[in-house]
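We did not get these values from a lab; they are worked out from the coordinates using the rules stated. What you see is a predicted model; the values in this text were computed from it and never measured. For neighbour counting, all protein chains shown are included, and Cβ atoms are generated from backbone atoms with ideal geometry for every residue, glycine included.
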């Protein structure tokens, strides 16, 4: 799946000269936390988000710097801070070096960028032109569709469920390869045996719950912590 498959194509954007209060009103009305900023040719020139509006004189949240720190950093840093906390136009406080992707960018790469830069949306460009935007909500829609598809899959036989479970176990490096016993009866998965870390119990249950048609999971696992010898049984 790539960016073009999930992006919102009808993007609300604002020009650089937009008043700050107009942009805030638009974000509140649309229930969004950021807006792309484009010039008259449709070229993306920045992004304005809630984060750009946190340090404002009107809220008493502007950055306060000591005289000594201001002296060390020079007047430029202080001037920039003043602009961001007092500006009346979006172009004066928007994030200029916005993180963007192309239409063919793999979705995994989009998510990596969101995590790395701690951002909630990524503009999608075709050349220099803004053609869409991907927000976290845009990722939830295909996720829900995939989960719905799994939920409506026809139940498998007990033998097929057991084989599918073992296939996942074999592929996962964290999964216990010895000491684990799995059985499936009437679409109910029973987990038993000894594991080293209680987090494995959690993951094994999730594997079972992902089997199409599974009706339940019985946890009879015993965790023996290697460092303390503590024994933890399933509930």
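Computed from label points 7 Å out along Cα-Cβ, the spacing between residue 95 and residue 108 is 2.4 nm.
Put in line by how crowded their Cβ is, counting other Cβ atoms within 10 Å and starting with the fewest, 1, 27 read 1, 27.
The alpha carbon gyration tensor of the range 158-233 gives principal lengths a ≥ b ≥ c with a/c of 1.5 or higher and a/b greater than b/c, which makes the shape prolate. Annotation: the antiparallel percentage among DSSP beta bridges lying fully within the chain is about 70. Contact order, relative form, for the range 158-233: 28 percent (alpha carbon pairs under 8 Å, 6 or more residues apart, mean separation divided by residue count).
Cβ-Cβ distance of residue 141 and residue 33, R₀ of 22 Å, FRET efficiency by 1/(1 + (r/R0)^6): the value works out to about 0.80.
Computed extension length for residue 25-residue 157: 42.0 nm, one decimal, from 0.36 nm per residue of separation with the Cα-Cα distance subtracted.
Could you check what % of the DSSP bridge pairs in the range 158-233 are antiparallel, to the nearest 5?
55 percent
Between helix 107-117 and the chain there is an angle of about 60 degrees, using the helix long axis and the longest principal axis of the Cα atoms. A Förster radius of 41 Å, combined with the Cβ-Cβ distance separating residue 222 from residue 150, puts the computed FRET efficiency at roughly 0.85.
For the range 3-144, the percent of C-alpha pairs falling in each 5 Å distance bin, counted from 0 to the bin holding the largest distance, reads 2, 10, 18, 19, 18, 13, 10, 6, 3, 1, 0.
With a Förster radius of 41 Å, plug the Cβ-Cβ distance of residue 63 and residue 172 into 1/(1 + (r/R0)^6) and report the FRET value to the nearest 0.05. Taking R0 as 41 Å, the efficiency between residue 63 and residue 172 is 0.30. When only alpha carbons are used to place a centre, the range 1-51 and the range 100-168 end up 22 Å from one another. Packing, as the average of other Cβ atoms within 10 Å across residues, places the peptides 170-177, 28-35, 205-212 in the order 205-212, 28-35, 170-177, highest first.
With contacts taken as Cα pairs under 8 Å and at least 6 residues apart, the range 1-115 reaches a relative contact order of 35 percent. Each of residue 117 and residue 50 was given a label point 7 Å from its Cα along the Cα-to-Cβ line. The distance between the two points is 1.9 nm. Relative to the first principal axis of the alpha-carbon coordinates of the chain, what is the inclination of helix 198-209, with its axis defined by its Cα atoms, in degrees from 0 to 90 and to the nearest 10? The angle comes out at about 80 degrees. Axis angle, to the nearest 10 degrees, between helix 75-86 and the longest C-alpha principal axis of the chain: 80 degrees.
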